[in-house]
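Written out below as structure tokens is the structure these notes cover.
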């Protein structure tokens, strides 16, 4: 891929972003390609070193705040006519309530996911507490003359400690998964605001 093809493809992928940001990114990558060609690489080698257009556009989109992208997309291209304003106002009880309901459902699903993660971490913390408490109580019972009870309590504490160790790895993986999902959702929402040009 040549430099101009790369820059055109990148510009096409970033077409919904604010124009100033697109120009800054295009200038940045143009200079990067020029610097690498001055070092002796061909344009194709320089572009392959930089990465694919899809990876670069995903990084750029992820780095721009959603509010900035939404503001750029929501700006009216033309002034609304009076009848369009009247229709928007008359339809607002329907479309506004549907939009609020959709937002509430999506937000509640997201909160439920995070509350599940918090609950699993709470179970992990309670297992740690049971392990420490079981061992301490077992030692106390063993020293008090209740040897069998003390041994049973220490055994239960050790079992809780083992379960806590296994649960820790599950909690850690689930938390990473939810954070990754959150990033994917944010990137997906940003991409919804970016228009795709066919030409």
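Details
- Protection proxy ranking of 32-38, 102-108 - average other beta-carbon atoms within 10 Å, highest first: 32-38, 102-108
- For the pair the stretch 109-162 / the stretch 36-55, the C-alpha centres are spaced 56 Å from each other.
- Peptide packing for 43-53, 181-191 was compared via the average number of neighbouring C-beta atoms within 10 Å per residue; ordered from the highest value, the list is 43-53, 181-191.
- When semi-axes √(5λ) of the Cα gyration tensor in Å is computed from the coordinates, the matching label among (i) 55, 31, 10; (ii) 22, 19, 18; (iii) 28, 18, 15 is (i).
- Distance between modelled label sites at residue 31 and residue 186, nm, 7 Å Cα→Cβ extension: 2.6 nm
Bear in mind these aren't lab numbers, they're just calculated from the coordinates by the rules spelled out. Since this is a predicted model, take the numbers as computed values, not measurements. Virtual Cβ from ideal backbone geometry, glycine too; neighbours counted across all protein chains shown.
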